[in-house]
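Student: Provided herewith is a single structure, encoded as structure tokens, for subsequent inquiry.
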Amino acid sequence: MARKANEAAQAAGADGGAEVSFEQVLERLEQVVERLEHGDLALEESLVLFEQGVRLSRDGARRLDEAERRVESLLATDDQVKTVPFDSSQAEPR
């Protein structure tokens, strides 16, 4: 059982702390969600994957927050941040 839990952690992207890109975090999180949604895992494997998913989600959110702060600092004028609402109609489709 411990071997399967370890395999689940590896599949979820537990890479020993190596720095990965936001896109890699998102891809790994999507893999975790797919495996959990499939529903054929043992309880322990599901818990390991869920923990990995929570960590990945928090890491992704942290990175997005940092990117938002960087953008705001680039838009700052006269010590005031100019923020504008995002217009999703102008976004490129995925």
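Computed from the coordinates by the stated procedures, all read-outs in this text should not be read as laboratory data. Quick caveat, the model's predicted, so the values are computed rather than measured. Heads up, the Cβs are rebuilt from the backbone with ideal geometry, glycines too, and the neighbour counts pull from every protein chain shown.
Student: Test of understanding: what is the full-extension gain from ALA18 to HIS38, defined as 0.36 nm times their sequence separation minus their Cα-Cα distance?
Tutor: Residue separation times 0.36 nm, minus the Cα-Cα distance, leaves 4.4 nm.
Student: Arrange the peptides 63-76, 18-31 so that the one whose residues have, on average, the most other Cβ atoms within 10 Å appears first.
Tutor: The most tightly packed comes first, giving 18-31, 63-76.
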